[in-house]
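Engineer: Mind looking over this structure? Questions follow.
The values are calculated or read from the model by the stated rules, or taken from the named source; none is laboratory data. It should be emphasised that the depicted structure is a prediction, and the values quoted were computed from it without experimental measurement. Here the Cβ positions follow ideal geometry from the backbone for every residue, glycine too, while neighbour counts run over all protein chains shown. In case anyone asks, the SASA skips ligands and DNA or RNA and just uses the protein heavy atoms, side chains included. Shrake-Rupley method; radii C 1.70, N 1.55, O 1.52, S 1.80 Å.
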Amino acid sequence: MASGPTVLMRLVASAYSIAQKAGVIVRRVIAEGDLGIVEKTCATDLQTRADRLVQMSICSSLVRKFPKLTIIGEEDLPPEDVDQELIEDGQWEEILKKPCPAQYLAIKEEDLVVWVDPLDGTKEYTEGLLDNVTVLIGIAYKGKAIAGIINQPYYNYQNDEKQTLRELSEEAEAGPDAVLGRTIWAVLGLGAFGFQLKEAPAGKHIVTTTRSHGSQLVMDCVQAMEPDAVLRVGGAGNKIIQLIEGKASAYVFASPGCKKWDTCAPEVVLHAVGALSLQAS
């Protein structure tokens, strides 16, 4: 008698659907016109209403289906009742059809840790640089990143700084030529899905790095690589997408600023396509 999908594949399938709902929440907050911005530690370390709602949505949705998981979110939020409309119960069926890598067949729910960055690129979100924003759900086993989901709420969106955030969001939602948003996912030993892998331009060494958290060390590291061009964009997830889609050939951020909720999901995608991974504190 054939057994059903493993814990890992069920978790990834659920996280995929949850990440898609998160993208809807991110767009809705801007469309409603109230970002609810607060400073956490400094003027460049911000939290918005979208950060809060998305983390509540992801964590609450996951714990309902997988109560033995360890879930760690970036935002320090007080316990409170979560509105039912934030809960996502679905699973992405295409993932459930994929085979689980043999090394993960026996994994138990309580063996897994989920790292959640509800809005990677918050500062860019508040500035209207919406194509920099991602939602990150990373899954780790014995301290190693093994599966990850990256949602781009504003994929297929082109920024126009002359318009207001609300106008941009509403225009993108109504655009007839492209579906707004996408979700990339990966499992080590299985592969990465949801995008087209491309190589950086031949003969060109393009480095992507931070646009808002720079330091002399970061600058020195970038310069030491003698790049042909430097691409400064927001969000760790967004920078990894620059790599896998051939817009950059290296990501440099020589700083302890990145945390595991920033790097867990992107690291899996990088490994799955054969690239070197990030290291986080």
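Engineer: Rolling a 1.4 Å sphere over the protein heavy atoms, what is the accessible area per residue of segment 184-236, to the nearest Å²?
Structural biologist: 55
Engineer: When only Cα pairs under 8 Å and 6 or more residues apart are kept, what is the percent relative contact order across the chain?
Structural biologist: 19
Engineer: How large is the convex hull of the Cα atoms of segment 179-278 per residue, expressed in Å³ as a whole number?
Structural biologist: That works out to 109 Å³ per residue.
Engineer: How high is the FRET efficiency between VAL38 and SER3 when r is their beta carbon distance and R₀ equals 45 Å, given to the nearest 0.05?
Structural biologist: 0.45
Engineer: So if R0 is 30 Å, what FRET efficiency would VAL273 and ALA224 give, r being the distance between their Cβ atoms, rounded to the nearest 0.05?
Structural biologist: Once rounded, the FRET efficiency stands at 0.75.
Engineer: In addition: For the residue pair ASP81 and LEU105, what label-to-label distance in nm results when each label sits 7 Å from Cα along the Cα-to-beta-carbon direction?
Structural biologist: About 4.6 nm separates the two model spin labels.
Engineer: Considering only protein heavy atoms, what per residue accessible area in square angstrom results for segment 7-69 with a 1.4 angstrom probe?
Structural biologist: Spelled out: the 1.4 Å probe surface of segment 7-69, per residue, equals 36 Å².
Engineer: Follow-up. Of the options PRO227, VAL29, LEU53, report the single residue whose Cα projects farthest towards the positive end of the charge dipole of the chain (beta-carbon charges: Lys, Arg +1; Asp, Glu -1).
Structural biologist: PRO227
Engineer: In segment 73-96, whose amide N lies under 15 Å from the spot 7 Å out along Cα-to-Cβ of PHE193? List them in ranges.
Structural biologist: 91-96
Engineer: Follow-up question, since we're still on this one. Along the principal axes of its C-alpha atoms, what lengths does segment 20-115 span, in descending order and rounded to whole Å?
Structural biologist: 46, 27, 26
Engineer: Per the 1.4 Å probe, what fraction of the accessible area of the chain, in percent, lies on carbon and sulfur atoms?
Structural biologist: C and S atoms contribute 50 percent here.
Engineer: State the volume of the convex hull built on the alpha-carbon positions of the chain, expressed per residue in Å³ and rounded to an integer.
Structural biologist: Output value, Cα hull per residue: 147 Å³.
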